[in-house]
Amino acid sequence: MKKNYRLVLIVLAFLGLGLLPTAAQDAVTLSFVGWGGPEEGAVFQQLVDTFNANNSDVQIDYTQIPSDYVTALNTLIAGGTPPDIAYVPDGGPFTALVTKGQLVNLQPFVDASTTFSPDDVWPSALGRYMYDAESKSFWTGDLYALPKDIGPTVLYINVDLFEAAGVALPDPNVPMTWEQLVEIGTALTVDANGLNPGEEGFDANNIVQWGIGDLWFENVVYGNGGRIVSEDGRTFVAADDANTIEAIQFLSDLDHVYQIRPNAQQTASMSVGQMFETGRMGLTTNGRWATTGYRASLSFEWDVRPNPVGPSGQVTAYANQADCSFGGWSGSVGLSIIAGSQGEMHADLAYRFIEFLAGPDGQIEQAALGFQIPNQVEVAQTDAFLQPDQAPANAQIFLEAARCQSPGPWTQTPLYGQWFDDNWWNGVWPEVVIDGSMLAEDALANRKDAFQQRLDEAWASLNS
C-alpha cells in the first residue's frame, strides 16, 4: 500500500509540473469514413497515423464502408449518428447533401489556411464542390468539400491487338476523329471466320473480337461540342443541340450500322470490361482508377489515348477553355465535414485533417497507388504520379484530361438521377442506342418537354 501511495504522489507531482503527456487524453476524436479496397485502406490508415502522430489535440478514427457507401452514409446522417468527416462523391451525393444543409461550409477555413491553396489545385476539381446557398447555384459560391482526387476518363487500348492486326497505334498527342475510330474499330472487329464488318459473309452474330467497347455518352457529347443541360443547369438543351444529337446517333450507329461495338444482347454473358480484360477488345473507356487493377491483371501490353473528337471539331471543356485538345467528363471524390456531427462542433480540427489529405503531402502518398490523379497540379506533373517505369506509357494524357474535362452534368443540377434517369435510360437510350428503333433527333424531341418538366421540379424542390 505504501508503494502505491507513493506512486500516486509522484504522478500528482508530475501532473502539477506539467511533465506528463496529458494532451492525448484531452484530444478530440473524430470519425472519418470512406470506401475503397485494401490498398487504399492501407494508404489512408498510414495517412491517418501520420496525422495523429503530429496532432496532439485531435485524433482521427478511420473506417472503410466496403459496399453501398452512399446509402450507408445517408442512413447514418438520417439516423442522427453522422460521421464527422466523410468521402462525398461529386454529383448526386454532393448536390443532395449540400442543398439540404448537411455539409459544413469550408470556405472560411480555406480563406484562412496557410497550408491549402486553391490556386494549386485543378480548377475543374474545385468547381464541382462549390455552392451558392443564396442563389441556389452550383459551380459557384463557397467550397463545401475539398477534392480528394480527380478522375478523368480516357481510352484504354490493347496494344497487342493493334499490332497483331497490323493497325497503326493512334497518335497519343492527337485525338482520333470519329472516322478514324470507325476505321480502327472495323479492322479490329473479327468474327469466328476471321472476317471484318463489311466483308462478304461477315457474321455479326458470331463475333469473337471487338474493336470498340464503352464510349461513355457524356464523353462523346462533350467531344463533339455538345451539352446535356445549359451552363446554369436550368434548361435541358440536348434536344435542340445539333452536336449532342449527332453524338447520340453516332453511338447508335456503332452498334447498328458499323457493327463494331457489342450491343446489349452480346454483353449479356460477358461485360465490356471483361471483354477488354481478357484481350477480346481493342479499346474502351475508363478512368485512371482502372490503372492499378490493370497493372496487376492484364496479360497484354496496354496504354491510353485521348478521347475522340467529333466532326464538329468543337470540344466542350471546363470553363470553356479554348485550347483544350479533347473533352469528356471527369469524376471526383470530395472530403467534407458533416453538419450536426462532432466534426461541425470542432470544425477547425476536422478541417485541419481534410486539408492534410487534400494538400501536397497527402496527395503524394495517394498518388503512389496509381489509381488517381492528384488534385495538386504540381504533384500530378511529377513522377510521383506519372510513374514512367510503369504502364501506361502515355500517362501524360491524364494531365490534359484533368485540365480540360468537365464534371459530369449531374454536378450542375439537384436530383439528377430523379429528373434525368427515367426519360434517358428508360426512354431515349433504349430507343436510339439499344434497339435502334428511333433516330436520336426524334427520340430527344419526343421527350424534351418531359425532361424539362422534371428538371423544373428538381429545382423547385430546393424551395420546398
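The values are calculated or read from the model by the stated rules, or taken from the named source; none is laboratory data. Everything numeric here is computed off the predicted structure, so don't read it as measured data. Every residue, glycine as well, gets a Cβ built from its backbone with ideal geometry; the counts of neighbours run over all protein chains shown.
Scanning region 314-353 for residues that are out of contact with any strand residue (DSSP E or B) (no Cβ under 9 Å at 6 or more places or on another chain) and not assigned by TED's automatic domain parsing to the domain that holds Tyr131 gives Gln314, Asn320, Gln321, Ala322, Asp323, Cys324.
Any idea how many residues of region 414-440 are outside any helix (DSSP H, G or I), more than 20 Å from Asn243 (Cβ to Cβ) and in contact with a helix residue (DSSP H, G or I) (Cβ under 7 Å, 6 or more places away or on another chain)?
Pass one, region 414-440, residues outside any helix (DSSP H, G or I): 414-415, 435-439.
Filter once more, keeping what is more than 20 Å from Asn243 (Cβ to Cβ): 414-415, 435-437.
After this cut, where a residue has to be in contact with a helix residue (DSSP H, G or I) (Cβ under 7 Å, 6 or more places away or on another chain) as well, the list is 414-415, 436-437.
Residues meeting the conditions: 4.
Quick check on Leu181: is it at pLDDT 95 or above, surrounded by 20 or more Cβ atoms within 10 Å (Cβ to Cβ), within 23 Å of the chain's Cα centre (by Cα) and not charged (D, E, K, R)? So Leu181 does not fit the description; no.
Right, Val28: aliphatic (A, V, I, L, M) and within 19 Å of Ala145 (Cα to Cα) or not? Explain how you work it out, then say what you get.
On the way: aliphatic (A, V, I, L, M): yes; within 19 Å of Ala145 (Cα to Cα): no.
Taking the combined requirement at face value, the residue does not satisfy it.
For region 17-90, which helices (runs of 4 or more DSSP H) that fit wholly inside it have 1 or more residues that are modelled with pLDDT of 95 or more and under 26 Å from the mean Cα position of the chain (by Cα)? Where helices (runs of 4 or more DSSP H) fall fully within region 17-90 and carry at least 1 residues being modelled with pLDDT of 95 or more and under 26 Å from the mean Cα position of the chain (by Cα), they are 38-53, 69-78.
Which is touching a Pro at 6+ places or on another chain (Cβ under 8 Å) and either part of a helix (DSSP H, G or I) or free of Cβ contacts under 8 Å to residues at least 12 places away in the same chain (or both), of Ala450, Ala402, Ala443? So that I can check it myself, show each step before the final result.
Values: Ala450 fails: touching a Pro at 6+ places or on another chain (Cβ under 8 Å); Ala443 fails: touching a Pro at 6+ places or on another chain (Cβ under 8 Å).
Unique residue meeting the criteria: Ala402.
Being surrounded by 22 or more Cβ atoms within 10 Å (Cβ to Cβ) and at negative phi is true for just one of Arg280, Arg305, Arg295. Which residue is that? Give the derivation first.
Values: Arg280 fails: surrounded by 22 or more Cβ atoms within 10 Å (Cβ to Cβ); Arg295 fails: surrounded by 22 or more Cβ atoms within 10 Å (Cβ to Cβ).
After ruling out the rest, the residue left standing is Arg305.
Can you pull out the residues in region 416-444 that are of a type in the set (Gly, Ala, Ser) and either at pLDDT below 95 or exposed (fewer than 14 other Cβ atoms within 10 Å of the Cβ) (or both)?
Residues of region 416-444 of a type in the set (Gly, Ala, Ser): 417, 427, 436-437, 440, 443.
Residues satisfying the conditions are Gly417, Ser437.
For region 122-137, taking the residues that are out of contact with any helix residue (DSSP H, G or I) (no Cβ under 6 Å at 6 or more places or on another chain) and buried (at least 24 other Cβ atoms within 10 Å of the Cβ), the one that is nearest to Gly223 (Cα to Cα) is identified as Ala125.
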